[in-house]
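The values are calculated or read from the model by the stated rules, or taken from the named source; none is laboratory data. Remember, predicted model here, so these are calculated numbers, not experimental data. Quick reminder, even Gly has a Cβ in these numbers, built from the backbone with ideal geometry, and neighbours come from all protein chains shown.
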Amino acid sequence: MRLENIVIKAADPQRLGRFWAAALGLSVLTDEADAFEARLGRGTPAWLDVCLERLPDVTPQRTPRLHLDLRGGAQPDAVVERLLGLGAAHLDIGQGEVPWTVLADIEGNAFCVLEDRPTLATTGPLASLPLDVTDPLAQQAFWQLATGWVEVPGSAPVSLQHPSGEGPLLELCPELEPKAEHNLIHLDVRPEAGETRQGCVDRLIEAGASVFEHDWGELPWTVLTDPSGNEFCVLQEES
């Protein structure tokens, strides 16, 4: 399996998608009324697609269980100013005095611009994807199985990265409170060559995943939850 998509639910996928494309320097693949897709790290082994899907009456999540951290590098203040110019806004979620900056995107969802850190030298503009889980160390093997990523040094209890050593970190962080609502940002994984979707689903369930019960009709992918209740999807095999 490989991690393929970062999926963001949005009231206006085109508008929010264009914001994130500009913020991260993404290559736009699809720009339609109800769906926007763009690629991070195009041409590298560690590429990821950022997909925006329409969700009417979406309520912004100020403290999401999965969010985006942007790399500030040597000039984080300049990165913040550029994002403010794209329509982001400063956001106070009770973070107090921290070395990073908390912002809201144009639909009000929280994200961060990080200070310069040696562990982020090879991530590119998207520094990390912090994911709240009940027990980071216990769930490290699960997320390594799901993504195909490997452990690397980082500031979280567990940090994973594409085996190439490029691209963002997936950071497993201790949850501050139990999961109470559907995640507006989730991850999609896809079977590698020689694997099947059902085979991947079976392996993930054996490792601690659960099937997510929904009323969305028949889908060409399988919706699961990780051992902490975070939704993610297993996509179809590539034809």
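Annotations for the structure displayed:
- Restricting the first member to the stretch 82-104 and to residues that are free of Cβ contacts under 8 Å to residues at least 40 places away in the same chain, and the second to residues that are surrounded by 11 or more Cβ atoms within 10 Å (Cβ to Cβ) and hydroxyl-bearing (S, T, Y), the beta-carbon pairs closer than 6 Å and six or more apart or on different chains are I93/T63.
- Any chance V211 is in contact with a helix residue (DSSP H, G or I) (Cβ under 8 Å, 6 or more places away or on another chain), under 19 Å from E53 (Cα atoms), aliphatic (A, V, I, L, M) and at pLDDT 95 or above: no
- Meets criteria (closer than 27 Å to V113 by Cβ and either more than 19 Å from the chain's Cα centre (by Cα) or not in a helix (DSSP H, G or I) (or both)) for E195: no
- Listed by first and then second residue, the pairs with beta-carbon distance under 8 Å, at least 6 apart or on different chains, first residue in the stretch 167-180 and at negative phi, second modelled with pLDDT of 90 or more and aromatic (F, W, Y), are L170/W143; L170/W149; L172/W143.
- Residue among L26, L16 that alone is buried (at least 17 other Cβ atoms within 10 Å of the Cβ), in contact with a Leu (Cβ under 7 Å, 6 or more places away or on another chain) and within 14 Å of N109 (Cα to Cα): L16
- Among the candidates G73, G43, the residue that is touching a residue at least 24 places away in the same chain (Cβ under 8 Å) and in a loop (DSSP other than H, G, I, E, B) is uniquely G73.
- All positions within the stretch 139-185 that are of a type in the set (A, V, I, L, M), more than 17 Å from N5 (Cα to Cα) and at pLDDT 95 or above: A141, V150, V152, A156, V158, L172
- Residue in the stretch 46-67 that is under 24 Å from P99 (Cβ atoms) and in a strand (DSSP E or B) present: yes
- Residues that are of a type in the set (D, E) and surrounded by 15 or more Cβ atoms within 10 Å (Cβ to Cβ) within the stretch 54-83 comprise just one, D69.
- Lone qualifier among E4, E37, E32 - being buried (at least 17 other Cβ atoms within 10 Å of the Cβ), charged (D, E, K, R) and in contact with a helix residue (DSSP H, G or I) (Cβ under 8 Å, 6 or more places away or on another chain): E37
Residue-by-condition table, conditions (1) in a strand (DSSP E or B); (2) free of Cβ contacts under 8 Å to residues at least 24 places away in the same chain; (3) of a type outside the set (S, T, Y); (4) on the phi < 0 side of the Ramachandran plot:
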position: G108; (1), (2), (3), (4): no, no, yes, no
position: A138; (1), (2), (3), (4): no, no, yes, yes
position: F142; (1), (2), (3), (4): no, no, yes, yes
position: L145; (1), (2), (3), (4): no, no, yes, yes
position: S155; (1), (2), (3), (4): no, no, no, yes
position: L160; (1), (2), (3), (4): yes, yes, yes, yes
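- Qualifying residue in the stretch 13-24 (condition: farther than 23 Å from H162 by Cα, assigned to a loop (DSSP other than H, G, I, E, B) and not basic (K, R)): no
- Qualifying residue in the stretch 214-224 (condition: closer than 17 Å to R65 by Cβ and either hydroxyl-bearing (S, T, Y) or at pLDDT 95 or above (or both)): yes
- Listed by first and then second residue, the pairs with beta-carbon distance under 8 Å, at least 6 apart or on different chains, first residue in the stretch 206-230 and without any contact (Cβ under 8 Å) to a residue 12 or more places away in the chain, second of a type in the set (S, T, Y), form an empty list.
- Residues being out of contact with any Ser or Thr (no Cβ under 8 Å at 6 or more places or on another chain) and either in a strand (DSSP E or B) or touching a residue at least 60 places away in the same chain (Cβ under 8 Å) (or both) - total across the stretch 110-134: 8
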